[in-house]
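A.B. asks: The structure is given below, and queries will be raised subsequently.
The values are calculated or read from the model by the stated rules, or taken from the named source; none is laboratory data. Computed from a predicted structure; not experimentally measured. As a convention, Cβ positions derive from the backbone with ideal geometry for all residues, glycine included, and neighbour counts pool all protein chains shown. These area figures cover heavy atoms from the full protein model, side chains too; ligands, DNA and RNA do not enter into them. Shrake-Rupley method; radii C 1.70, N 1.55, O 1.52, S 1.80 Å.
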Amino acid sequence: MGFSPLIGRARLPGMSDDLDWYAARDMLEWQVELGATEAIGDVPVDRYALSAQTPKPAPSAPARVVAPETDAVAEARKAAAAATSLPALRDALAAFPHCELKKGARNCVFSDGQAGARVMVIGEAPGRDEDREGRPFVGAAGQLLDKMLAAIGLNRAENVYITNVLPWRPPSNRDPKPPEIAMMRPFVMRHIALAEPEILIAMGNISCDALLERRGILKLRGTWAEAAELPVMPMTHPAYLLRTPEAKREAWSDLLEIRARLDA
Ligand code: URA
């Protein structure tokens, strides 16, 4: 059995002109209860005649001009270099349109702690908690980081500045991809220049990749390196230490090395 479609202001004989959505749905249900199984019109339609009248498709449009691919790293260099203060850098990063991670993130996680502190910690990327709060290292790894720093007399309220290579959380906390790291590198370098620390701590492989263009944290850790004309101490990431508590002994030795350098 067929019935007349009743979507929106469709009309049946005798039906009022201003049928609302609810009334239309009631009538549709009523017709279904009566046994209607398909939607047909009140009058037959000759589809063959219709197809004869169908306008021919327009000749295909001229080939679209494809814009040359953006060089995201060059754009990042320009945007970072133009920022002359940390708030300006934060704005430049938040406005940077070429990193897809931005689309899936709630917040642009820029930094925490004291700009101008002697020690600057550079982590990898925000996780779920950081993305929610808009601050780096606030989850479980961040709590361990705070304890590690406190053990050598450092804390965010007074004498440490903290950021990440990536300001946006990667989906499902996956590792950042090389092109993502490459386009964030100019921002990280500018961030260091504007924050003016004396010592950098590179937390984990992603940070070593961004700062030193090297990976292999288990080999790199514990030995001073150099980036942005500053000493860099590569350390195993606190998230790794949570999973591998036996590695804490070496991390402790790296912290003592940092303390000694600060006291020298
Ligand atoms: N891991 C990081 O590297 N950074 C954060 O902010 C949180 C977890």
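A.B. asks: Picking from Trp21, Trp30, which residue would you name as being open to solvent by 100 Å² or more (accessible area, probe 1.4 Å), over 30 Å from Ala182 (Cα atoms) and modelled with pLDDT under 70? First the steps, then the outcome.
C.D. replies: Numbers: Trp30 fails: modelled with pLDDT under 70.
None of the others qualify; the one that does is Trp21.
A.B. asks: Got a number for residues in the stretch 209-260 being farther than 17 Å from Met148 by Cβ and either within 30 Å of the chain's Cα centre (by Cα) or of a type outside the set (Ser, Thr, Tyr) (or both)?
C.D. replies: Initially, the stretch 209-260 is screened for residues farther than 17 Å from Met148 by Cβ, giving 209-216, 218-220, 223-231.
Okay, now just the ones that are also either within 30 Å of the chain's Cα centre (by Cα) or of a type outside the set (Ser, Thr, Tyr) (or both), so 209-216, 218-220, 224-231.
So the answer is 19.
A.B. asks: Give me the pairs: first residue in the stretch 201-217 and open to solvent by 10 Å² or more (accessible area, probe 1.4 Å), second residue in a helix (DSSP H, G or I) and more than 15 Å from the ligand (Cβ to nearest atom), beta-carbon distance under 7 Å, and six or more apart or on different chains, which are they?
C.D. replies: Arg214/Leu220
A.B. asks: Which one is farthest from the chain's Cα centre (by Cα), of the residues in the stretch 137-168 that are among the charged types (D, E, K, R) and farther than 14 Å from Ala239 by Cβ?
C.D. replies: Glu158
A.B. asks: OK, next. Ile181: within 22 Å of Ala260 (Cα to Cα) and out of contact with any Ser or Thr (no Cβ under 7 Å at 6 or more places or on another chain), yes or no?
C.D. replies: Working: within 22 Å of Ala260 (Cα to Cα): no; out of contact with any Ser or Thr (no Cβ under 7 Å at 6 or more places or on another chain): yes.
Against the criterion (within 22 Å of Ala260 (Cα to Cα) and out of contact with any Ser or Thr (no Cβ under 7 Å at 6 or more places or on another chain)), Ile181 does not qualify.
A.B. asks: Determine whether the stretch 128-147 contains at least one residue that is more than 14 Å from the ligand (Cβ to nearest atom) and under 28 Å from Leu256 (Cβ atoms). Working first, answer last.
C.D. replies: Here is the first cut: in the stretch 128-147, the ones more than 14 Å from the ligand (Cβ to nearest atom) are 147.
So of that shortlist, the ones also under 28 Å from Leu256 (Cβ atoms) come out as 147.
Yes, the stretch 128-147 has at least one match.
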